[in-house]
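The values are calculated or read from the model by the stated rules, or taken from the named source; none is laboratory data. Values in this document were obtained by computation on a predicted structure and should not be read as measured data. Because the Cβ atoms are built from the backbone with ideal geometry, glycine has one as well, and the counts that use them run over all protein chains shown. These area figures cover heavy atoms from the full protein model, side chains too; ligands, DNA and RNA do not enter into them. Shrake-Rupley method; radii C 1.70, N 1.55, O 1.52, S 1.80 Å.
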Amino acid sequence: LRDFGSSAEGRDDAWSDVDVEVFVRDEEFVAFERAWVEWAGQFGRLLLSFIGEIDNHWTVYDGRPGPLRVDFSLHRASEIPDTAKWPNAPLSVAHMVLVDKSGELAKVVASMVGQDLSPPDLPHHFTLRCAAFWYYAVRTWCKLQRGPTWGVRYDITYIMHGILMDLLRLETGALRRWRASDAAAEI
């Protein structure tokens, strides 16, 4: 088990969710995934459990000060080496690794401790985000000419605002967690 969320990086508080990667032996993976709700139920009273749009197994437990969100990400054990490329920068191996029966997780996590998650080529990322903004500005203007105002609102609210937040982060140097956070983080 590995904590891949804010607590592994020392950013958690009473309102944080818990993000846990579960690595299962390859030959047991399908059966485990089929019974994941029963497995997750052993940790507390489940109020909600479902598989989200990005294949994460999301749960909500009865908790205090409010409901506790726990996102389980299930993986085959053979995928452990690939996780070294994932955008995580734990404070230490002990902050991220919860259970490691094989010893493989600790080795991979050691290479991730304190890594820089900022974009490797700032001018390139700035140019890409500027181009994306102007592309979506033209797209949104064309939608407005046709009249479907909900599509225009969606583009402005979810796409263009996100791009503007990215540009603001690039401008202000709020890049430490670029690859692992939403567009408005650290502004």
*Loop only per DSSP, at most 16 neighbouring Cβ atoms within 10 Å: give me the GluC sites (Glu not before Pro) in the range 50-112, ordered by residue number.*
GLU53
_Net charge over other residues, Cβ less than 13 angstrom from the Cβ of LEU74 (K, R count +1; D, E count -1)_ = -4
*Tally Lys and Arg at +1 and Asp and Glu at -1 over the other residues with C-beta under 13 Å from the C-beta of ARG177: what net charge comes out?*
-1
*Exposed loop trypsin sites (Lys or Arg not before Pro) only (DSSP loop, at most 11 other Cβ atoms within 10 Å): please give the longest stretch of the chain free of them, not including the sites.*
102-187
*asked:* Test of the criteria: in the range 1-68, which chymotrypsin sites (Phe, Trp or Tyr not before Pro) are in a DSSP loop and have at most 15 other Cβ atoms within 10 angstrom of their Cβ?
replied: TRP15
*When the C-alpha atoms of the range 98-187 are aligned to their principal axes, what extent does each axis show, in angstrom, from largest down?*
59, 29, 20
*Taking square-rooted eigenvalues a ≥ b ≥ c of the alpha carbon gyration tensor, is the range 113-154 rounded, prolate or oblate, where a/c under 1.5 means rounded and, failing that, a/b exceeding b/c means prolate?*
oblate
*Sorted by accessible area with a 1.4 angstrom probe, largest first, how do THR157, THR140 fall?*
THR157, THR140
*Spatial separation of Cα centroids for the range 75-149 and the range 157-172, in angstrom*: 16
*How much accessible surface does VAL108 have with a 1.4 Å probe, in Å² rounded to 10?*
20
*Please work out the average accessible area per residue across the chain, using the 1.4 Å probe convention, and give it in Å².*
61
*Rounded if a/c is under 1.5, else prolate if a/b beats b/c, else oblate: with a ≥ b ≥ c from the C-alpha gyration tensor eigenvalues square-rooted, which is the range 1-85?*
oblate
_Neighbour net charge for ASP155 - beta-carbon separation under 10 angstrom, K R +1, D E -1_ = +3
*Taking all protein chains as present, what is the carbon and sulfur share of the accessible area of the chain, in % to the nearest whole number, probe 1.4 Å?*
59
